[in-house]
Amino acid sequence: MEAQVSGTDASLEATTPHVAREDVPPAGAATSPGAWWAPWLVAPAALLLYLLGSAIGSVLALVLLATVLRRLIPGYYDMGLNLYTLRFALGIPAVLTLFIALSTACTIGVVLLAARASGRPWRERLGLMPGRIPASEVPLLVLASLGTLCIGWLLAMALQHAGLLPPIGRSRQQFGEALLMASPATKVAFVLSAGLLAGLSEELLCRGWMQRALMARWRPAASISVASVTFALLHGDLAYDVLVLPSAFFLGYLAWRADSIRPTIACHAVVNALVLTSLAVFGLRHVVFMQRVFEPGTGGQAPPARVALALAVPLIVSVALVWTASRRVERHARAVGA
C-alpha cells in the first residue's frame, strides 16, 4: 500500500508542470557564469538611454521652436538659432518647459522600449507591479522624502559655508527669478513637466531600469549606491547633486524594500511638484533666508548659536520622519517574508 502511494506521488510530481518564477534574482547572485563585467555596463547604459531620450526630445523641441519663431519673427532664418540665442531662449520659462516636457517624454519612451527588449514583461522589469507597501503609507513616505531633501539642502548649505562646495549655478538662480515672473499657465505647465513628468522618467530609469538590473547581481547596498549617485549626477550641478543625494538613497531603499517603484514614483512626483510650486510662487526666498543665517556677525563669523539652531531643528524633524517611515516600510516588508 505504501509503495503504491509513493508511486502515485512520484507520478504526480513527474507530471506536474514546473512553473518558473519571474521574480528578480536574489541580490548578489549571478544569473550566468563569466558575466562579472555585466553590472559595470548598467550605469553607462542608463546614461546612454538618458542622453538618447534627451537628444530626441531636444531635437523635437528645436524643430517646434524654430517653426514658431519663423511665424512670429520675419527673417528668422537670416538670424539663425545659434548657441547664444538658444541659451537666451532656454532662460525663458515657457521655452525651457517645452524642452523639459519633450525630453522627459522621450526618455520615458526610450526606457519603456529598453524594458520591452529585455525579454521579460516590461512592467516586472521596471518594477511597476504592485509592491509590498500599501497606498495608505504614501503620505508618510512623501513627508520622509521631503525630510531627506531637507537633509540634503542643509548638508549643501553647510558645505558651502565651509568653502567645500560651490553655490548652485547662477543659471538656476536666474531661472528661478524668471519663473517667479512667468504667467500662471507657464507655471502650471512647468510644474507638470519638470515635476510630475520628470519624476516619472527619473524613477523609471534609475530605480526601475538601472537599480533592478544591478540588484540581480550585486548586493542591495552597492546597487542602491550606484543608482543613487548616477541619479544625482543627472542633475548636472555639483551643489544640486549633493542636495538630492540623500533623497536618492532613500528612494533607492524604498524601491528595494517595496519591490516596486510605484511608491517612489508617487514620492518623487509629489515632492517635485511641491518644491517647484514653492519656487514658482515664492521664488528663492528660502535660499536668501539660509544665506542670512550664515551671514557673518560682528566677529567676522556667523554666530554659532544661530547656525546650530537653524540646522538642528529641521535636521531633527527630518531624521525623525525618515526613521519613522523606514520602520513602517520594514514592517510591511517583513510581513511578507522579505
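The values are calculated or read from the model by the stated rules, or taken from the named source; none is laboratory data. Just so we're clear, the structure is a prediction, and the values are computed from it rather than from any experiment. No Cβ is skipped: glycine too gets one built from the backbone with ideal geometry, and neighbour counts run over all protein chains shown.
Here are the numbers:
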| quantity | calculated |
| --- | --- |
| Qualifying residue in segment 201-212 (condition: in contact (Cβ under 8 Å) with a residue 40 or more places away in the chain, out of contact with any Cys (no Cβ under 9 Å at 6 or more places or on another chain), of a type outside the set (Lys, Arg) and surrounded by fewer than 21 Cβ atoms within 10 Å (Cβ to Cβ)) | no |
| Residues satisfying the stated conditions in segment 75-89, i.e. surrounded by fewer than 17 Cβ atoms within 10 Å (Cβ to Cβ) and either on the phi < 0 side of the Ramachandran plot or at pLDDT 90 or above (or both) | Tyr76, Tyr77, Asp78, Met79, Leu81, Asn82, Leu83, Tyr84, Thr85, Leu86, Arg87, Phe88 |
| Helices (runs of 4 or more DSSP H) fully within segment 226-338 counting 1 or more residues that are surrounded by 12 or more Cβ atoms within 10 Å (Cβ to Cβ) and at pLDDT 90 or above | 238-258, 262-282, 304-335 |
| Near pairs, Cβ below 6 angstrom, 6+ apart or cross-chain, from segment 225-246 (farther than 20 Å from Gln211 by Cα) to any residue that is among the aromatic types (Phe, Trp, Tyr) and surrounded by 17 or more Cβ atoms within 10 Å (Cβ to Cβ) | Leu243/Trp153 |
| Condition met for Thr107 (buried (at least 21 other Cβ atoms within 10 Å of the Cβ) and not small (Gly, Ala, Ser)) | yes |
